[in-house]
Structures are given as C-alpha cells and as structure tokens.
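> This is the structure, below, for whatever I ask next.
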Amino acid sequence: MSEEYPYNGRLSRWEEIAPGLAIVGVHSLDEPFPFEAGQYATLGLMGPAGKLVQRPMSVSSSSDRRDEYEFFIRLVEGGAFTPLLWERSIGDPINIKGPKGKFLLQDDGRRCLFVASGTGLAPFMSMINTLRDRGQTRDIHLLHGASYDHDLAWRAELSGLEASGDFPLRYVATVSRPQGSPEWAGCTGRVEAILEAQLDEHSLDATNTTIYLCGNPEMITAADEISTARGFTTEQIRKELYWPKGRQH
C-alpha cells in the first residue's frame, strides 16, 4: 500500500470489543481540532487505487479531551474503508479531519431519550463523557441495541454509572439475536421494538422529552414513526443516520 499521502494522525489505541468491532483511538499530529459532543470527524486511508478513502465517524470521547479522538467502528466486509483500517496497527498513520455535524445535545431543559443501534452509541458516549467532565448532568435514558451481548460496548461502565447514582442515567440494553447470547437475561429484540414500552414505563412523552436517534436507517425510520405517532414534533426528534443506504464503510 502506498504511503505517499501526507497523513496527519496515527492510530493510538485499538480495543477489540468483538470480532470486527473495535474502539479505536486516533492521535492528531496537527493542532488538535475542537468539536462539540455529537459531532463526527472524517478518517482517511490510502486505498489500493492510490486514492484517499474517507469515511465520517462519530467521536465517542469527551469534547474536552483532545489528546486522542475515540471512535466506535465495525468492520464492514466488502466495504471501502473499514477493511483498510483493520489491516492497520497501533502507531500506523491515518488521516483525520473535522469536525462536522449538527447532532448536538439541545439546551432545552428536557429529559433526553438516547436510542442507539450498534456503533450509533458513539455520539451518546461523547455527550455523557462531556457532561461528566464538566460536572454537569442531564436526565438521560439510554437505549442501546445490538445483535449479541458481546457487542454492547461500554456496558459495564454504563451499568456502573447508573448504579452509582452519581449521574442521572438509566441504561437499557437489548439484543436482537438472544439465541447467540445464552447468558443474556436482559431485554431482547431490536431497540426500536422496546421503545414504546420504555416510553410508557418511564413517562417519557412530548411534554417532557427530546428523543435522539443514532444508528442504521431502518431503526431511525421505525423509531421516528413511533415517536411522531405519540405527538413528538420534528424538533423533538433529533436524528443521525449511520451507514446511509447505498454507501458502505
């Protein structure tokens, strides 16, 4: 692979969550760029055709931390970017630029319902980490759906934070393929399938809550329809689509 491109970053951390699923750290060799929690950076690697292949990735680390930008990334077989990334090792060069995006925590004084599928958890981790770093709190209810329990990144950390009582977080995880997670005793089904029950159980409605959706397009569409049917307005449903249809990572 050609390394003629003047890369401006390097891989600083690689935590394998499950096969093909990793928390990745990137250190910028340029002046670190500021970003707001919920925004994304663009990562780039030289492809076999000698062209820079770039993909947007939500940052999962606190916006107050710029020594390393953290990402939650899944390997997409046959994709253009992630197979290149999976060939790399810690210390290898990578390109990073940013930030972009308007998927931001609203200063509206309302309760927050975060709904994430897969790696769509990343911007929500940034929001939670940033609030904690600043000594701030929001009433947050976080739903995270994954195929298997071993795909639930940060589960121990989030469960521990909820149990500590130090931060007003309610964390609910669900797995859509429980037959592959024999020890799982939590919710089952896709995350949008448990949405209505969670809204009812915790009295989350259009009078007191803003909903934030991040993940695959099918989840976003289904959750959006459920929320709209319950009276949530467009402004009360914030959306960030991962893996837009027709574009593979």
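> Just the residues that are in contact with a Lys or Arg (Cβ under 9 Å, 6 or more places away or on another chain), charged (D, E, K, R) and over 30 Å from Ala197 (Cα atoms), please, taken from segment 68-121.
Passing the criteria: Glu68, Glu70, Asp92.
> So Ala163 ticks every box in (1) within 16 Å of the chain's Cα centre (by Cα); (2) loosely packed, with under 14 Cβ neighbours inside 10 Å but one. Which box is left unticked?
Here Ala163 meets the rest and fails (1).
This table checks each residue for (1) open to solvent by less than 50 Å² (accessible area, probe 1.4 Å); (2) closer than 22 Å to Arg138 by Cα; (3) not in a helix (DSSP H, G or I).
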residue: Ala185; (1), (2), (3): no, no, yes
residue: Ala197; (1), (2), (3): no, yes, no
residue: Asp200; (1), (2), (3): no, yes, no
residue: Ser203; (1), (2), (3): no, yes, yes
residue: Ile211; (1), (2), (3): yes, yes, yes
residue: Ala222; (1), (2), (3): yes, no, no
residue: Ile226; (1), (2), (3): yes, no, no
residue: Gly231; (1), (2), (3): yes, no, yes
residue: Lys239; (1), (2), (3): no, yes, yes
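> Same structure, new question: What are the pairs with Cβ atoms under 9 angstrom where one residue, in segment 120-132, is farther than 14 Å from Leu143 by Cα and the other, located anywhere, is of a type in the set (Lys, Arg)? Sequence gap at least six, or different chains.
Pairs found: Met127/Arg138; Asn129/Arg65; Thr130/Arg65; Leu131/Arg138.
> Further question on the same structure: Find all pairs meeting these conditions: Cβ atoms under 7 angstrom apart; at least six residues apart or on different chains; first residue within segment 62-89 and farther than 14 Å from Gly47 by Cβ; second residue modelled with pLDDT of 95 or more and among the charged types (D, E, K, R).
Ser62/Asp133; Ser63/Glu36; Asp64/Asp133; Asp64/Arg134; Glu68/Arg13
> Does segment 88-127 hold any residues that are closer than 26 Å to Leu152 by Cβ, of a type in the set (D, E, K, R) and assigned to a loop (DSSP other than H, G, I, E, B), and which are they?
Hit for segment 88-127 is Arg88, nothing else.
> Hey, another quick one. Can we say Gln179 is open to solvent by 70 Å² or more (accessible area, probe 1.4 Å) and either in contact with a helix residue (DSSP H, G or I) (Cβ under 8 Å, 6 or more places away or on another chain) or polar (S, T, N, Q) (or both)?
Yes, satisfied.
> Still on this structure: Mind counting the residues in segment 128-150 that are in a helix (DSSP H, G or I) and surrounded by 24 or more Cβ atoms within 10 Å (Cβ to Cβ)? Write out each step before concluding.
Initially, segment 128-150 is screened for residues in a helix (DSSP H, G or I), giving 128-133, 149-150.
Imposing the further condition that a residue be surrounded by 24 or more Cβ atoms within 10 Å (Cβ to Cβ) reduces the set to 128.
Of the residues in segment 128-150, 1 are in a helix (DSSP H, G or I) and surrounded by 24 or more Cβ atoms within 10 Å (Cβ to Cβ).
> Which one is modelled with the lowest pLDDT, of the residues in segment 77-90 that are open to solvent by 40 Å² or more (accessible area, probe 1.4 Å) and in contact with a strand residue (DSSP E or B) (Cβ under 6 Å, 6 or more places away or on another chain)?
It comes out as Ala80.
> For residues in segment 1-60 being among the hydroxyl-bearing types (Ser, Thr, Tyr) and outside any loop (DSSP other than H, G, I, E, B), which is surrounded by the fewest Cβ atoms within 10 Å (Cβ to Cβ)?
So, considering only residues that are among the hydroxyl-bearing types (Ser, Thr, Tyr) and outside any loop (DSSP other than H, G, I, E, B), the one surrounded by the fewest Cβ atoms within 10 Å (Cβ to Cβ) is Thr42.
> Restricted to segment 62-76, and to residues that are touching a Gly at 6+ places or on another chain (Cβ under 8 Å) and part of a loop (DSSP other than H, G, I, E, B), which residue is least open to solvent (accessible area, probe 1.4 Å)?
Among residues in segment 62-76 that are touching a Gly at 6+ places or on another chain (Cβ under 8 Å) and part of a loop (DSSP other than H, G, I, E, B), the one least open to solvent (accessible area, probe 1.4 Å) is Glu68.
> If you don't mind, another one. Give Leu121, Leu158 a once-over and let me know the one that is aliphatic (A, V, I, L, M) and touching a Ser or Thr at 6+ places or on another chain (Cβ under 8 Å).
Exactly one residue qualifies, and that residue is Leu121.
> In this structure, does Gly98 turn out to be crowded, with 21+ Cβ neighbours inside 10 Å and not charged (D, E, K, R)?
Considered against the rule, which asks whether it is crowded, with 21+ Cβ neighbours inside 10 Å and not charged (D, E, K, R), Gly98 comes out as no.
The values are calculated or read from the model by the stated rules, or taken from the named source; none is laboratory data. Since the structure is predicted, the reported quantities are computational estimates derived from the model, not experimental observations. Methodologically, a virtual Cβ is constructed for each residue, glycine included, from the backbone with ideal geometry; neighbour enumeration extends over all protein chains shown. Side chains are part of the model used for accessible areas, which takes the heavy atoms of the whole protein and leaves out ligands, DNA and RNA. Shrake-Rupley method; radii C 1.70, N 1.55, O 1.52, S 1.80 Å.
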